[in-house]
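Quick note: the coordinates plus some simple rules give every number you see, no bench work behind them. These figures come from a predicted structure and were not determined experimentally. Here the Cβ positions follow ideal geometry from the backbone for every residue, glycine too, while neighbour counts run over all protein chains shown.
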């Protein structure tokens with residue numbers, strides 16, 4: 001008789017408990033996906049900063065080597081980068097050409113001086129610069145900014161994150 005009076009506990013899962021577990025799993029999944037998207041934007045931002053610094057170095061090296069004949073273009077005086085008015089997702093590697101390099105304007109004039117157009121990754125923009133052109137004038141190379149500034153600053157941003165590249169009058173780069 002004792003066995004009939006004793007009630008056994010049944011371990012069952014209610015629908016409320018299942019919904020709670022699924023909800024917690026979805027919240028954790030959404031946090032993980034959000035973090036993944038943010039970190040991928042930071043990776044793209046860092047990649048574009050590295051590409052921009054590589055293009056600055058390339059312009060400096062081209063000026064040091066100064067090719068007199070490049071694709072049929074003569075009278076190349078110097079190499080540099082041109083930045084359109086921010087916000088922009090592109091910039092130009094250009095050569096400054098003139099019949100007399102001593103009387104060159106030392107800036108990007110038009111597309112005829114453009115060697116390469118470089119595009120930033122989607123969602124990345126140059127949001128600020130305190131100059132339009134940076135030119136590396138051989139043989140040292142001497143660095144010219146147009147308009148003239150003591151130190152060039154370029155800010156690249158994803159909207160939420162940004163990196164700053166600073167270029168001094170010696171062409172040295174620093175990053176923040």
Rel. contact order, % - alpha carbon contacts under 8 angstrom, at least six apart, the chain: 18
Footprinting proxy, 32, 114: sorted fewest to most Cβ within 10 Å, the residues are 32, 114
According to a simple spin-label model (label point 7 Å from Cα along Cα-to-Cβ), what is the distance in nm between residue 173 and residue 58? 1.1
How large is the Kirkwood hydrodynamic radius of the chain, counting all unique pairs of alpha carbons, in Å? 19.5
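Given the rule -39500 (n - 2.57) for each run of at least 4 DSSP H residues, summed and divided by the residues of the chain, what is its mean residue ellipticity at 222 nm, to the nearest 500 deg cm²/dmol? Each step should come with its number before you reach the end.
Numbers: 2 runs with 55 residues, N = 176.
When only DSSP H runs of four or more count, the value is -11000 deg cm²/dmol.
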How far, in nm, would the chain grow between residue 75 and residue 116 when pulled straight, counting 0.36 nm per residue and subtracting the alpha carbon separation? 12.9 nm
Set of segment 118-136 residues, backbone N closer than 20 Å to the point 7 Å along the Cα-Cβ line of residue 105: 130-136
Please determine, in degrees from 0 to 90 and to the nearest 10, the orientation of helix 15-65 with respect to the longest principal axis defined by the Cα atoms of the chain, where the helix direction is its Cα long axis. 10
